[in-house]
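First up is the structure itself, then whatever we jot down about it.
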Amino acid sequence: MNGLSRVSLSNQLNDEINLDELCQEIRERACQGEFDEQGYVSLDMIDKLKAVGVYRALVPMRFGGDECSPREFCELIEKISMADGSVGWVASFGMSPAYLAGLPEVTLKEIYKNGPDVVFAGGIFPPQAAEMTDDGMVVTGRWKFSSGCLGADIIGVGISPRKDNEVQGLPRMAVLPAEQVQVEMTWDTVGLKGTGSHDLIVNGVLVKEDWTFVRGAASTLPEPFFKYPSLSFATQVLSVVAIGVAGAALEEFKKLAPGKSSITGGSEIANRPVTQYEYAKADAAFQAAKAWFYQTMDRVWEQILKGQTPSPDQIRDMRLACTHAVRVCAEVSRTMQMLAGMTAIYTNNPFSRFVNDTNVVTQHAFMGDITLLNAGAMSFGIDPAPGYL
């Protein structure tokens, strides 16, 4: 059953599912290893994410969407990520209107003609040469790291338009129906195993030019969301997954510690001074990083709602807060695993999953060391690398 035919099913589910119930189901199925073992989020779960509004959240109201704010969307992803990091990561690509806004409006109307609950996945790198013809661009190649591609309705791939073997303009993204893309299941990782970030393969598919767009180009859509810095937002929706997972680690430990004693006869974990001290430190670091993360977002959103352009320093703070938050969250998750003792070393133990998932988030290029270098350079009046802002 392809993605577009599932839209009607998600509409039927809409009245039957609430977010709390869905998160409980996600948690239970994740603990059973369903998503990690199969290497993707099950299609019925994608339908349920549609039903609770993940994929319509940021779609403009005139296309049938909910037109949420960046913070509202990130809070939604944070809650889902507390249930499972992989499902939260896949749900985070409900931010796709920020990408798709580079398409002509007539194309967007076609995409949303059957409703706003459209699932998008993308493989941007490496950009592949696409021969330009009078009818469009012939797309062929392989792309990596396409999270959620097995549940997508439409898929975008990075291309470098060529004519007579010469590059024509900036890199673009070509958008195709999912059935025109082959998925090779290559995703075998230590964490976020259920994201299904597999390879994409396309062989000689003609894509009309109005189904392509320049990556990073400013959108002409009038809604305030499309004035929000898109690269920063793409970073925030991934960073907040780590916030959700670390929050789950803290909550899980609070439930575990009062009733768990050492097999050697030691006192309950919760009664140990080292536990109380380390938990308080981790909780404080987590709450501070999370608060700054949302604070930087709120400041920029307020500027946009006033019709003003965010300053470079405000965008710098958003990027820096993301990198800081994911690294704090990885440390918090590891601390909780250490305090939980030997039972937390088993593969199917939730603390192992918390540690592995948050560590994988820190590996993403959007939160790499280069983001710290750019933020530091700006502190001294030095221009950051192109694309940072």
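The values are calculated or read from the model by the stated rules, or taken from the named source; none is laboratory data. This structure is a prediction, so every number in the text was calculated from the model and none was measured. When we count neighbours, we look across all protein chains shown, and the Cβ atoms used for this are built from the backbone with ideal geometry, even at glycine.
Points worth noting:
- Unique residue being hydroxyl-bearing (Ser, Thr, Tyr) and touching a Pro at 6+ places or on another chain (Cβ under 9 Å) when the list is SER160, SER146: SER160
Matching residues to (1) within 27 Å of ALA129 (Cβ to Cβ); (2) in a helix (DSSP H, G or I); (3) among the polar types (S, T, N, Q):
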position: ALA174; (1), (2), (3): yes, no, no
position: THR186; (1), (2), (3): yes, no, yes
position: ASN203; (1), (2), (3): yes, no, yes
position: LEU206; (1), (2), (3): yes, no, no
position: ASP210; (1), (2), (3): yes, yes, no
position: GLY216; (1), (2), (3): yes, no, no
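- Pairing residues of the range 170-186 that are touching a residue at least 12 places away in the same chain (Cβ under 8 Å) with residues that are surrounded by 14 or more Cβ atoms within 10 Å (Cβ to Cβ) and hydroxyl-bearing (Ser, Thr, Tyr), at Cβ distances under 6 Å and at least 6 apart in sequence or on separate chains, gives PRO171/SER160; ARG172/THR212; ALA174/THR212.
- Filtering PHE125, PHE73, PHE145, PHE93 for residues that are among the aromatic types (Phe, Trp, Tyr), part of a strand (DSSP E or B) and either in the same structural domain as TYR294 (by TED's automatic domain parsing) or at pLDDT 95 or above (or both) leaves a single hit, PHE145.
- If you go through the range 35-70 and pick out every residue that is part of a helix (DSSP H, G or I) and either buried (at least 18 other Cβ atoms within 10 Å of the Cβ) or out of contact with any Gly (no Cβ under 9 Å at 6 or more places or on another chain) (or both), you end up with 14.
- All positions within the range 379-389 that are among the small types (Gly, Ala, Ser) and not in a helix (DSSP H, G or I): GLY381, ALA385, GLY387
- Only one of the listed residues (ALA344, ALA377, ALA365) is surrounded by 14 or more Cβ atoms within 10 Å (Cβ to Cβ) and modelled with pLDDT under 95. That residue is ALA344.
- VAL300 meets the stated requirement of being under 23 Å from the mean Cα position of the chain (by Cα) and more than 24 Å from GLN363 (Cα to Cα).
- Any hit, the range 353-361, residues being without any contact (Cβ under 8 Å) to a residue 24 or more places away in the chain and either part of a helix (DSSP H, G or I) or surrounded by 15 or more Cβ atoms within 10 Å (Cβ to Cβ) (or both): no
- Residue match in the range 302-318 (condition: among the small types (Gly, Ala, Ser), surrounded by fewer than 22 Cβ atoms within 10 Å (Cβ to Cβ), over 30 Å from TYR277 (Cβ atoms) and at pLDDT 95 or above): yes
- No other residue among THR264, THR235 is out of contact with any Pro (no Cβ under 7 Å at 6 or more places or on another chain) and either modelled with pLDDT of 95 or more or under 27 Å from LEU305 (Cα atoms) (or both) apart from THR235.
- Candidate set from the range 363-378 (those that are assigned to a helix (DSSP H, G or I) and touching a residue at least 24 places away in the same chain (Cβ under 8 Å)); member that is farthest from PHE125 (Cα to Cα): MET378
- ARG29 vs. criteria under 25 Å from LYS109 (Cβ atoms) and surrounded by fewer than 20 Cβ atoms within 10 Å (Cβ to Cβ): no
- Among the residues of the range 96-122, those identified as in contact with a strand residue (DSSP E or B) (Cβ under 7 Å, 6 or more places away or on another chain) and assigned to a loop (DSSP other than H, G, I, E, B) are SER96, GLY102, LEU103, VAL118.
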